[in-house]
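Enquirer: The structure is given below, and queries will be raised subsequently.
The values are calculated or read from the model by the stated rules, or taken from the named source; none is laboratory data. Since we're looking at a predicted model, the values are computed, not measured. All Cβ positions, glycine included, derive from the backbone under ideal geometry; neighbour counts span all protein chains shown. The area values use the complete protein model at the heavy-atom level, side chains included, leaving out ligands, DNA and RNA. Shrake-Rupley method; radii C 1.70, N 1.55, O 1.52, S 1.80 Å.
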Amino acid sequence: MQLTKLGHACVRLRKDDRTLVIDPGGLTPEGDAITGAEAVLITHEHFDHLEAERLRRALAEDPRLTVYTCRAVADILGDVGDRVRTVGEGDALTIAGFDVAVIGQKHEVVHPDVPPVDNVGFFIDEEVFHPGDAFTVAQAPTLLVPGQAPWMKAPEMIQYLREVAPSRAYAVHDGLLNEAGLGLLESQLAGEAKRQDAEFQRLKPGESVQL
């Protein structure tokens, strides 16, 4: 499986000439992020993970494309009918040739006065886990770890890496960081990688790895 990091929280996964995309939101600048994919997985409704008009255009252009997501996002995209499939924790599906397990229910707390929105994570081929905006624990060899967000602190990222203890972790959710912040994130990942004797790093947008 090939994993390609795109802007912010978006990744493309490719296997046997089939492709799925996770969270091509409003902070993903690549105009071709969805091009060629058979399926798009959306973890939750926030703009940096869901760009509804981009999805509508992609669905109109490619009749084979299907979106899988939580109930709240499915309601937002209700006008596209059965091209959007609702999933929830405990579901296990085959999507575009990938085995996908759905894990997680809610977003991390963003504000004390605002209830968390729905958030589902996607565990692909028992290999790579995209948790969305949550510290959901899944025993995944490869973790897409949130690198920075208004709802998290750096020690929480480190603790999450220790709880999951993956062999590999690649930072996502880094679209709000400037160069100084990205350098700090890379340093934090390198330090924890050394402690756990694992491979933790930030992929630059467009960079790929084989899993």
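Enquirer: For segment 161-211, give me every one of the strands (runs of 3 or more DSSP E) that falls completely inside it and has 1 or more residues that are of a type in the set (Phe, Trp, Tyr).
Expert: In segment 161-211, the matching strands (runs of 3 or more DSSP E) lie at 168-172, 199-201.
Enquirer: Give segment 88-145 a look and list any residue that's among the small types (Gly, Ala, Ser), closer than 20 Å to Glu156 by Cβ and in a loop (DSSP other than H, G, I, E, B), or say none.
Expert: Gly104, Gly132, Ala134, Ala138, Ala140
Enquirer: Still on this model: Tell me the residue from Asp32, Asp48, Asp75, Asp82 that is more than 28 Å from Trp151 (Cβ to Cβ), of a type outside the set (A, V, I, L, M, F, W, C) and either at pLDDT 95 or above or open to solvent by less than 40 Å² (accessible area, probe 1.4 Å) (or both), please. Even if it seems obvious, please write down each step before you answer.
Expert: Values: Asp48 fails: more than 28 Å from Trp151 (Cβ to Cβ); Asp75 fails: more than 28 Å from Trp151 (Cβ to Cβ); Asp82 fails: either at pLDDT 95 or above or open to solvent by less than 40 Å² (accessible area, probe 1.4 Å) (or both).
When all the criteria are applied, what remains is Asp32.
Enquirer: Return yes or no: is Leu55 touching a helix residue (DSSP H, G or I) at 6+ places or on another chain (Cβ under 9 Å), assigned to a helix (DSSP H, G or I) and surrounded by 19 or more Cβ atoms within 10 Å (Cβ to Cβ)?
Expert: The answer is yes for Leu55.
Enquirer: Next up: State whether one or more residues within segment 111-122 are surrounded by fewer than 23 Cβ atoms within 10 Å (Cβ to Cβ), more than 14 Å from the chain's Cα centre (by Cα) and under 22 Å from Ser187 (Cα atoms).
Expert: no
Enquirer: Only residues in segment 189-209 that are at pLDDT below 95 count as the first member; pair them with residues that are of a type in the set (Val, Ile, Thr), Cβ under 7 angstrom, at least 6 apart or cross-chain, and list the lot.
Expert: From residues that are at pLDDT below 95, there are no pairs.
Enquirer: Another question, then. Looking at Glu127, Glu89, Glu108 in this structure, which one is closer than 21 Å to Tyr160 by Cβ, under 17 Å from the mean Cα position of the chain (by Cα), open to solvent by 60 Å² or more (accessible area, probe 1.4 Å) and at pLDDT 95 or above?
Expert: Criteria check complete, one pass: Glu89.
Enquirer: Turning to a different aspect of this structure: Out of (1) within 25 Å of Val114 (Cβ to Cβ); (2) out of contact with any Leu (no Cβ under 7 Å at 6 or more places or on another chain); (3) in contact (Cβ under 8 Å) with a residue 12 or more places away in the chain, what's the single condition that is false for Ile22?
Expert: Every listed condition holds for Ile22 apart from (2).
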